[in-house]
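Each remark here refers to the structure printed beneath this line.
The values are calculated or read from the model by the stated rules, or taken from the named source; none is laboratory data. Only a predicted model underlies this, so the values are computations on that prediction, with no experimental measurement involved. Cβ coordinates were reconstructed from backbone atoms using ideal geometry, including for glycine residues, and neighbour counts include every protein chain displayed.
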């Protein structure tokens, strides 16, 4: 099981909108609109910020972002994983599945999620991010390191994410793809150009969706 982070394992778009506007405020720049944030959601952060705040100094933004990110994490405002999502991970583990994360986040943005004291500790086999992979989604090569490390074939994995870019990457790499629609940001028609093996309304629905896909695979 390969799982995306943002708006899949945890709902983050709304709080990231607030966080990034706080950064812009500290830099003396005008806030972005929610519509602009949504239209660029899923892009690598600095690429998105060039559209969200044209003319922004990337180095200044990065320095301020680190401070605000730290504050949001310490305050428990960012990356809150619902108990029912953790319970779903435990069911998948009990079924003998290996759980891995694959995200376009930077290593710094993942540090708190991968800390030994975090709730994810002991549940994950590995996590892949911009710090230990060469390519970002929607490039299917984002899965190269994961597949090389595990020795698994693409058809032995499944990727669950929330965006068409996630679907594009999984399709290109040959992984089955499950679309998590819990954030409400995207609709089924947004995935019309991509193969989706299952849609789930909430993250805990992943347990049943994986079982159904596995049953279909072994059906005579």
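Data overview
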| read-out | value |
| --- | --- |
| Wholly within region 29-144, helices (runs of 4 or more DSSP H) carrying at least 3 residues that are closer than 27 Å to residue 171 by Cβ | 34-39, 45-52, 83-94, 107-110 |
| Count of residues meeting criterion [surrounded by fewer than 20 Cβ atoms within 10 Å (Cβ to Cβ) and either touching a residue at least 60 places away in the same chain (Cβ under 8 Å) or at negative phi (or both)] in region 46-61 | 11 |
| Search result, residues across region 17-26 that are crowded, with 16+ Cβ neighbours inside 10 Å and within 14 Å of residue 67 (Cβ to Cβ) | 19, 20, 22, 23, 24 |
| Selection status of residue 64, touching a residue at least 24 places away in the same chain (Cβ under 8 Å) and over 29 Å from residue 141 (Cβ atoms) | yes |
| Tally, over region 184-195, of residues that are buried (at least 18 other Cβ atoms within 10 Å of the Cβ) and closer than 22 Å to residue 13 by Cα | 2 |
| Any chance residue 214 is surrounded by fewer than 17 Cβ atoms within 10 Å (Cβ to Cβ), closer than 28 Å to residue 66 by Cα and more than 13 Å from the chain's Cα centre (by Cα) | no |
| Lone qualifier among 79, 90 - being surrounded by 19 or more Cβ atoms within 10 Å (Cβ to Cβ) and either in the same structural domain as residue 162 (by TED's automatic domain parsing) or in contact with a strand residue (DSSP E or B) (Cβ under 8 Å, 6 or more places away or on another chain) (or both) | 79 |
| Every residue from region 6-28 that is out of contact with any helix residue (DSSP H, G or I) (no Cβ under 8 Å at 6 or more places or on another chain) and part of a loop (DSSP other than H, G, I, E, B) | 11, 12, 28 |
| Region 145-170: number of residues that are without any contact (Cβ under 8 Å) to a residue 40 or more places away in the chain, crowded, with 16+ Cβ neighbours inside 10 Å and either touching a strand residue (DSSP E or B) at 6+ places or on another chain (Cβ under 8 Å) or part of a strand (DSSP E or B) (or both) | 4 |
